[in-house]
Structure formats: structure tokens, C-alpha cells
Amino acid sequence: MKKQEVLRRIQDCGVVAVVRAENEDQALKIAAACIKAGIAAIEITFTVPGAADVIKRLAQEYSKGEVIIGAGTVLDPETARIAILAGAQYVVSPCLNEEVVKLCLRYQIACMPGAMTIREMVACMEAGADIVKVFPGELFGPAFIKAVKGPIPQAQMMPTGGVALDNVGEWIKAGCVAVGVGGSLTAGAKTGDYESIAAIGAQFVAKVKEARGK
């Protein structure tokens with residue numbers, strides 16, 4: 001799938017499930033629940049033991065494009081290349097590493113580095129980022145997105161951290177192209193309640209649509 005199609009599908013759904021897990025099996029079960037919820041993009045973070053194997057397995061299982069599989073917490077180009085070879089269709093980082101962005105540009109893989117300030121956001125855009133991950137989102141809130149849109153309306157932003165069911169609509173209405181959702185979506189995995197993940201995920205998808213007036 002070409003990069004522009006990957007980005008389009010992520011933005012159309014508006015929800016990226018950020019998967020952190022204790023082991024590979026738990027990560028796969030979380031991913032399955034998120035897919036059941038209708039979430040279009042699954043981000044397997046490299047804090048998950050065996051993350052590359054999880055990405056590879058999901059990429060093979062959903063090779064027809066049923067869902068977009070990405071890699072998160074990518075700190076360096078070496079990890080980015082491992083993720084891409086495993087089948088990752090997008091790469092997310094907590095901060096800007098220009099070598100990671102260059103690698104993604106080389107292979108036409110969507111890249112989403114993190115930023116906290118307007119200066120960092122502009123640096124991400126200048127480096128060639130497709131979407132800027134606003135992180136950690138809980139330190140800012142939706143009002144920050146609206147403020148940033150004043151001087152740099154062209155910024156494509158996706159907050160991660162601090163996104164919950166009671167505020168996801170505000171993030172979208174403030175101008176975010178998508179949101180990254182972690183703990184508020186996947187908490188049920190700690191007790192083995194994967195059905196709750198599917199139910200909450202469906203609510204996130206619905207609230208994004210509602211915020212967009214669809």
C-alpha cells in the first residue's frame with residue numbers, strides 16, 4: 001500500500017491504537033480487539049518485547065490491507081529499518097530524529113515524529129514529517145492545537161497521551177487529523193478483558209465521526 005493511501009486511511013478513521021503490552025501474546029490480543037472495534041491503524045510500540053515479531057505477524061495476517069500496521073517508540077534509524085522490514089507501514093517516534101525521517105522518506109513510509117513546542121513542530125515539518133505527534137498530549141489539551149493552528153495552519157497534528165472518550169471530540173474539532181489512544185483504550189488487557197477494548201475502541205471511532213459531523 002502506498003504511503004498516501006496509508007495516511008488517508010489513518011486520517012479517515014482518525015484513531016490510532018497505541019499498543020503497549022507485557023508480551024507478544026498480549027499485544028496480539030490487544031491488536032485483535034482494536035481491529036474488531038473498527039480502528040484502522042495499530043501502532044505496536046518497541047517497548048513491547050518482540051515488537052518486530054508482532055509487527056511481522058500482523059502484517060502477514062492482514063496482508064490485504066484490512067488494517068494499517070505501524071511501529072511506535074522508534075528512537076533511531078536502526079529500529080525504523082527493523083520495523084519497516086517486518087512490515088510496518090508507518091513509523092511513530094516520541095521526538096524528532098532526522099535520520100529516522102530520512103530513512104522513512106527513502107522508503108516512502110509514513111513518518112510521525114513527536115514534538116512539544118511550535119519550534120519542534122516546525123523542525124519536524126522541515127525534516128519531512130507527514131504528521132506531527134503532539135506528545136505528551138496530557139500536558140497541553142485541545143486548546144493547544146487550536147493555538148498552534150493560528151501561526152501554522154498547515155500543521156498536520158496527532159496528539160498522543162491525554163486522549164480519552166470525554167475529550168476526543170474536542171481534539172478533533174480543534175484541528176487534529178487523528179488521535180493516538182493508549183491506556184484509556186487498552187487498560188482492559190491488564191485483567192484479560194479484551195472485549196472492553198473492542199467496545200471502547202468502537203466508541204472512540206464513533207466519537208471521531210460525530211466530531212467531524214459524519
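List of remarks:
- For the stretch 162-204, the tally of residues that are charged (D, E, K, R) and either within 19 Å of Gly72 (Cα to Cα) or touching a Pro at 6+ places or on another chain (Cβ under 9 Å) (or both) stands at 2.
- Top-ranked residue in the stretch 150-169 [being under 14 Å from the mean Cα position of the chain (by Cα) and not β-branched (Val, Ile, Thr); ranked as farthest from Thr186 (Cα to Cα)]: Gln156
- Criterion applied to Ala86, Ala33, Ala52, Ala41 was being in contact with a helix residue (DSSP H, G or I) (Cβ under 6 Å, 6 or more places away or on another chain), within 20 Å of Asn97 (Cα to Cα), surrounded by 17 or more Cβ atoms within 10 Å (Cβ to Cβ) and at pLDDT 95 or above, and the one residue passing it is Ala52.
- Test: Ile82 is out of contact with any strand residue (DSSP E or B) (no Cβ under 7 Å at 6 or more places or on another chain) and of a type in the set (Val, Ile, Thr): yes
- Residue within the stretch 72-79 that is closer than 26 Å to Glu138 by Cβ, in a helix (DSSP H, G or I) and more than 12 Å from the chain's Cα centre (by Cα) present: yes
For every residue, the table says whether it meets (1) open to solvent by less than 30 Å² (accessible area, probe 1.4 Å); (2) over 13 Å from Lys3 (Cβ atoms); (3) of a type in the set (Asp, Glu).
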| position | (1), (2), (3) |
| --- | --- |
| Glu66 | no, yes, yes |
| Gly72 | yes, yes, no |
| Ile82 | no, yes, no |
| Val91 | yes, no, no |
| Asn97 | no, yes, no |
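- Near pairs, Cβ below 8 angstrom, 6+ apart or cross-chain, from the stretch 7-33 (touching a residue at least 24 places away in the same chain (Cβ under 8 Å)) to any residue that is of a type in the set (D, E, K, R) and crowded, with 21+ Cβ neighbours inside 10 Å: Leu7/Asp130; Val16/Glu43; Ala17/Glu43; Val18/Glu43; Val19/Glu43
- Considering the stretch 47-63, the residues that are out of contact with any Lys or Arg (no Cβ under 9 Å at 6 or more places or on another chain) and part of a loop (DSSP other than H, G, I, E, B) include one that is nearest to Ala31 (Cα to Cα), namely Tyr62.
- Residues located in the stretch 99-132, provided they are open to solvent by 50 Å² or more (accessible area, probe 1.4 Å) and touching a residue at least 60 places away in the same chain (Cβ under 8 Å): Gln108
- When Pro136 is tested against (1) touching a strand residue (DSSP E or B) at 6+ places or on another chain (Cβ under 9 Å); (2) surrounded by fewer than 17 Cβ atoms within 10 Å (Cβ to Cβ); (3) more than 28 Å from Val205 (Cβ to Cβ), just one condition goes unmet, and that condition is (3).
- Residues within the stretch 1-25 that are part of a helix (DSSP H, G or I), more than 18 Å from Ala86 (Cβ to Cβ) and open to solvent by less than 70 Å² (accessible area, probe 1.4 Å), tallied: 6
- Selection of the stretch 145-185 for residues being among the aliphatic types (A, V, I, L, M), touching a residue at least 40 places away in the same chain (Cβ under 8 Å) and surrounded by 16 or more Cβ atoms within 10 Å (Cβ to Cβ) yields Met158, Val168, Ile172, Val177, Ala178, Val179, Val181, Leu185.
- When Ala127, Ala199 are screened for being among the aliphatic types (A, V, I, L, M) and within 22 Å of Gln26 (Cα to Cα), only Ala199 passes.
The values are calculated or read from the model by the stated rules, or taken from the named source; none is laboratory data. The model shown is predicted, which means the values in this text are computed figures rather than measured ones. Heads up, the Cβs are rebuilt from the backbone with ideal geometry, glycines too, and the neighbour counts pull from every protein chain shown. Heavy atoms of the whole protein, side chains included, go into the accessibility calculation; ligands, DNA and RNA do not. Shrake-Rupley method; radii C 1.70, N 1.55, O 1.52, S 1.80 Å.
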